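Participant: Below are the structure tokens for one structure; questions will follow.
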Amino acid sequence: MARYKIREYDAKRLMAENIPNLDCRNVLVTPETNLDVLPKEHPWLLTSKLVVKPDQLFGKRKKLGLVLINADFAQVKEFILTHRNKPLTIGKATDTLTHFLIEPYIPHEQEYYLSITSRRDGNTIHFSSEGGQDIEERWHSIKKIVVPTLGTVEGSMMNEEFLNGVPENHQPTIQQFIKNLYHAYLNLDFTYLELNPFTITAPGDICILDTVAHLDGSAAWKNSSRWNIPSFPPEFGKKSYPEETFIENLDRESGASLKLTILNPQGRIWNILSGGGASIIYLDTIVNRGYGQELANYGEYSGNPSMEESYHYAKTVIDLMTREHHPQGKILLIAGAIANFTDIEKTFQGIIRALREYQHQLREGNIKIFVRRGGPNYENGLALIEKAGKEIGVPMEIHGPDKPMVHIISPALEMLP
Amino acid sequence: MNTAPLFTKDTTALFYNLKPLPIQQMLDFDFLCKRAIPSVAAIIHPGRSGYHKAFFGGQEILLPMYDTLARALQKHPGADVLINFASFRSAYVPAKEALESTTIKTVVIVAEGVTERQTKELIALAQKNNKIIIGPSTVGGIAAGRFRIAGYAGGKIENIVRAKLYHPGSVGLVSKSGGIMNEMFSMIARATDGIYEGVAIGGDVYPGSTLLDHLLRFEAMPEVKLMVAMSELGGKDEYGIIEAKEEGKITKPLVMWVAGTCASIFPWEVQFGHAGAKAGREQESADAKNQALKATGIIVPSSFEELENTIAETFKTVVPAGNYMPENPPVIPERKGTHFTSTISSDLGDEPTYNGIPIAELVAQEQTIGDVIGLLWFKKRLPLYFTKFLEISIILTADHGTGRERCYFFPVQRTAHHRATVWRRN
């Protein structure tokens, strides 16, 4: 399982819940939020000056003109109503603004930079007393300490030089905060944490102004109640599909691995690929041949899924690819390397069941199938799929382990005018 | 890092969790390689102890099974590999215990989904104790002709034979992906004289041992003439390989490919199947890494499709042309499991045996009832004074009347005798 980016709202909430004396009031506005009732639940919205910004895993919001500061609630509401459901393009990615974060406006002078990043042999803490926008330009001001995996953050590591530029009366506060934050970083299985900036308010409390955080997805099973994040937000620009969520749930329930990402639903190359490594190589080969824009999905199944799981996986992909027809047809790759222990006969039986179920759509959609697979019981698996292809009248080209893995790409791409 | 060979023809492993298929596949590989002893010394199966039946060639053997790793470590000090098949939730504890033991040198973690924090702790521990972790999230690998790491890599027997893995060739292979291992074994079998050792390190962000760790091991193995490494986008381990190459620590020819060149066309960061397969920064992209590797003199093909040719061409420059086909491996005889196995008496052969001794032989040698009890109860021939003692005991207790307090000696006989007594009374 991978690392997940989380919303600024959740990152701040997690830190506030796990670090003593860290006051952090904020509200996440989602598509479901009714702005009119919000002040009833959070009365401080009407009594404080506020900040509002989108909370969708992208940075540089100030530069994009998407941060409103020192505003009252009426202005915040107007800001949200202006931007809500509006498209935004950043680089190559376009998405719709849906989530916003509202927090109290904290007037401040000094901005600090702090990050904890993971490395193989421990974690690195970066700190600067000159935090804030364009920190990259003041990289010289950043001091770092490396905490070995089996070590702890000692006060002695955060010496005068490390805290250079911090007023003396704030030094103990920052030292204690870094220790607490490091502790929370480990216990909550963060893999990346950046606070840029945080500040110290007049009463001497730490206040995090902006933050970016990633969590270790593999630790979800032990942290689900502490994290309290029911689903991780998609990357900015990545539209999420219910079919992906369906496979994600299937994957979570299964001992095997089942992954699906829809890249371009209009694409004409659809894939039922096996193996984390082999699936990438297939995509590489297609992109290398200049057919990247035709790639409809990425995905892989591996670790010997059951017949039922293979059926659901294949059905999901085939259903997506046959919703709209293309006058010149589409291709479906059912391919993988020579499996170590995935039973080809069993998994293919699941795939064949889905093919039979969708035989009309496959024929009408002029879909051609290219199969390449080896591994346990592959002879039976390939024979079964060949028979099924003939019976349902869908053209297939089938290869076993004697042909190199990417051998099917050339004949497959020739089918795409 | 220790670069001594990890896997020889005598290496034996402790196998954590009872997984009959990979265990049997390790033993079948042993047979193909004509190993003298099975590569699995014992099984640890929490909550259960006893024996597990498996085949070593045509012969059925009993592998000892313990309910704790501590006990297995104590009983099998010669085993220096732990094959850890515990689930992702529980893999950490036995891995840690093995890394802290005095006898285990290599820990293989199969589970996918061990947390980064736990993996990092295990890495630190391994470093401290000069040990090697393979995995997490690995199918293991193969030391051709010597040892099959974790029983899955290489697939079924036919595939092992097709890829000539029962015989050591001269190529060292290391790959992040385990699923691609078998494909690579086949490819290397076509392009060269075969694999010497192939290891999958797993696709996690922090694999227990890195591509470089294994390349340095291959560098130290005189048998390895050519090294092949398969990597993926994400992470910066390749730059460590470049550094090692520049420092002269890698001198053997190395053919390497980083998969994931497709990632650049997607408008957002795609998380591929492996946890580590995501390029956060330009430097971690497949293109950047392939280019940097190439620039330092590592042999990088133009695409994965070219890999087989590149390996074949490079191989020709280091190993003189010849017939690479090794002799055929032994054929695994047809075999049938027994339903009941006794380590004491057996009626499988022409004639029943007591502790391996045919009963006719016992009769011929005029063995006494004391000798037979020795064979059946103590599994050994007892000295004369002991068999005499047993016989006197039988004489003294053979008829004990109704005084049941004295019939402590033969529990089974007591019951039978007791029934007889009751019947007589009735």
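The values are calculated or read from the model by the stated rules, or taken from the named source; none is laboratory data. As the structure is a prediction and not an experimental result, all values here were calculated from the model. Virtual Cβ from ideal backbone geometry, glycine too; neighbours counted across all protein chains shown.
Participant: In region A:123-144, what residues are surrounded by fewer than 17 Cβ atoms within 10 Å (Cβ to Cβ) and either on the phi > 0 side of the Ramachandran plot or of a type in the set (Val, Ile, Thr) (or both)?
Facilitator: A:THR124, A:ASP134
Participant: Right, another one. Return only the number of the condition from (1) at pLDDT 95 or above; (2) within 30 Å of B:LYS120 (Cα to Cα) that A:ASP284 does not satisfy.
Facilitator: Among (1) at pLDDT 95 or above; (2) within 30 Å of B:LYS120 (Cα to Cα), the lone unmet condition for A:ASP284 is (2).
Participant: Still on this structure, I have one more. What number of residues in region B:306-348 are over 29 Å from the mean Cα position of the chain (by Cα) and of a type in the set (S, T, N, Q)?
Facilitator: Residues that pass the stated criteria total 7.
Participant: Please go through region A:224-253 and give me each residue that is crowded, with 18+ Cβ neighbours inside 10 Å, within 14 Å of chain B (Cβ to nearest Cβ) and outside any loop (DSSP other than H, G, I, E, B), ordered by number.
Facilitator: Result: A:TRP227, A:GLU244, A:ILE247, A:ASP251.
Conditions tested, residue by residue: (1) in the same structural domain as B:PRO168 (by TED's automatic domain parsing); (2) touching a Leu at 6+ places or on another chain (Cβ under 7 Å); (3) farther than 27 Å from B:VAL114 by Cβ; (4) surrounded by fewer than 17 Cβ atoms within 10 Å (Cβ to Cβ).
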position	(1), (2), (3), (4)
B:SER231	yes, yes, no, no
B:GLU247	yes, no, yes, yes
B:THR261	yes, no, yes, no
B:HIS274	yes, no, no, no
B:ASN309	yes, no, yes, yes
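Participant: Restricting to region A:254-297, and then to whatever is at the interface with chain B (Cβ under 7 Å from one of its Cβ atoms) and charged (D, E, K, R), can you tell me which residue is farthest from B:SER231 (Cα to Cα)?
Facilitator: Here the residue is A:LYS259.
Participant: Just to be sure before I move on: is B:ARG162 away from every other protein chain (no Cβ under 11 Å), more than 22 Å from B:LYS96 (Cα to Cα) and among the charged types (D, E, K, R) in the structure I sent?
Facilitator: Here the answer is no, as B:ARG162 does not meet what is asked.
Participant: Quick check on B:PHE218: is it part of a helix (DSSP H, G or I), touching a Leu at 6+ places or on another chain (Cβ under 9 Å) and either away from chain A (no Cβ under 11 Å) or of a type outside the set (D, E, K, R) (or both)?
Facilitator: Against the criterion (part of a helix (DSSP H, G or I), touching a Leu at 6+ places or on another chain (Cβ under 9 Å) and either away from chain A (no Cβ under 11 Å) or of a type outside the set (D, E, K, R) (or both)), B:PHE218 qualifies.
Participant: For A:LEU384, indicate whether it is among the aliphatic types (A, V, I, L, M), out of contact with any Phe, Trp or Tyr (no Cβ under 8 Å at 6 or more places or on another chain), modelled with pLDDT of 95 or more and farther than 22 Å from B:LEU307 by Cα.
Facilitator: Considered against the rule, which asks whether it is among the aliphatic types (A, V, I, L, M), out of contact with any Phe, Trp or Tyr (no Cβ under 8 Å at 6 or more places or on another chain), modelled with pLDDT of 95 or more and farther than 22 Å from B:LEU307 by Cα, A:LEU384 comes out as no.
Participant: Consider region B:123-162. How many of its residues are aliphatic (A, V, I, L, M), farther than 21 Å from B:LEU215 by Cβ and either outside any helix (DSSP H, G or I) or at pLDDT 95 or above (or both)?
Facilitator: Total meeting the criteria: 2.
Participant: Look at A:TYR311 and say whether it is part of a helix (DSSP H, G or I), within 13 Å of another protein chain (Cβ to nearest Cβ), more than 21 Å from the chain's Cα centre (by Cα) and aromatic (Phe, Trp, Tyr).
Facilitator: no
Participant: Please find, among B:ALA72, B:ALA95, B:ALA111, the residue that is within 14 Å of another protein chain (Cβ to nearest Cβ), surrounded by 21 or more Cβ atoms within 10 Å (Cβ to Cβ) and of a type in the set (Gly, Ala, Ser).
Facilitator: Testing whether each residue is within 14 Å of another protein chain (Cβ to nearest Cβ), surrounded by 21 or more Cβ atoms within 10 Å (Cβ to Cβ) and of a type in the set (Gly, Ala, Ser) leaves just B:ALA111.
Participant: Same structure, new question: Enumerate the pairs (first residue in region A:331-347 and within 14 Å of chain B (Cβ to nearest Cβ); second residue anywhere and charged (D, E, K, R)) with beta-carbon separation below 6 Å, excluding pairs fewer than 6 apart on the same chain, so at least 6 apart or on different chains.
Facilitator: Final answer for the pair search is A:ALA335/A:ARG372; A:GLY336/A:ARG373; A:ALA337/B:GLU183; A:ILE338/B:GLU183; A:ILE344/A:ARG373.
Participant: Does region A:316-353 hold any residues that are in a helix (DSSP H, G or I) and in contact with a strand residue (DSSP E or B) (Cβ under 9 Å, 6 or more places away or on another chain), and which are they?
Facilitator: Residues satisfying the conditions are A:THR316, A:VAL317, A:ILE318, A:LEU320, A:MET321, A:ILE344, A:THR347, A:PHE348, A:ILE351.
Participant: Among the residues in region B:176-191, are any touching a residue at least 24 places away in the same chain (Cβ under 8 Å), of a type outside the set (S, T, N, Q), in contact with a helix residue (DSSP H, G or I) (Cβ under 6 Å, 6 or more places away or on another chain) and more than 9 Å from chain A (Cβ to nearest Cβ)?
Facilitator: Yes: one or more hits.
Participant: Are any of the residues in region A:401-413 more than 14 Å from chain B (Cβ to nearest Cβ) and either surrounded by 20 or more Cβ atoms within 10 Å (Cβ to Cβ) or at pLDDT 95 or above (or both)?
Facilitator: No; the residues of region A:401-413 include none that is more than 14 Å from chain B (Cβ to nearest Cβ) and either surrounded by 20 or more Cβ atoms within 10 Å (Cβ to Cβ) or at pLDDT 95 or above (or both).
Participant: State which residue pairs qualify: first residue assigned by TED's automatic domain parsing to the domain that holds B:ILE23 and inside region B:51-69, second residue part of a strand (DSSP E or B) and among the acidic types (Asp, Glu) in any location, beta carbons under 8 Å apart, and separation of 6 or more residues or different chains.
Facilitator: Hits for this filter: B:LYS53/B:GLU60; B:ALA54/B:GLU60.
Participant: Next question, about the same structure. Going by the conditions given, is A:PHE177 within 29 Å of the chain's Cα centre (by Cα) and either surrounded by 21 or more Cβ atoms within 10 Å (Cβ to Cβ) or in a loop (DSSP other than H, G, I, E, B) (or both)?
Facilitator: Criteria met by A:PHE177.
Participant: Right, B:LYS128: of a type in the set (Lys, Arg) and without any contact (Cβ under 8 Å) to a residue 12 or more places away in the chain or not?
Facilitator: Judged against the criteria, B:LYS128 is a match.
Participant: Report whether or not A:ILE367 is in contact with a strand residue (DSSP E or B) (Cβ under 6 Å, 6 or more places away or on another chain) and of a type in the set (A, V, I, L, M).
Facilitator: yes
Participant: Just give me the residues in region A:34-47 being under 17 Å from A:LEU101 (Cβ atoms) and in contact with a helix residue (DSSP H, G or I) (Cβ under 9 Å, 6 or more places away or on another chain), in sequence order.
Facilitator: Correct list: A:LEU35, A:LEU38, A:PRO39, A:LEU45.
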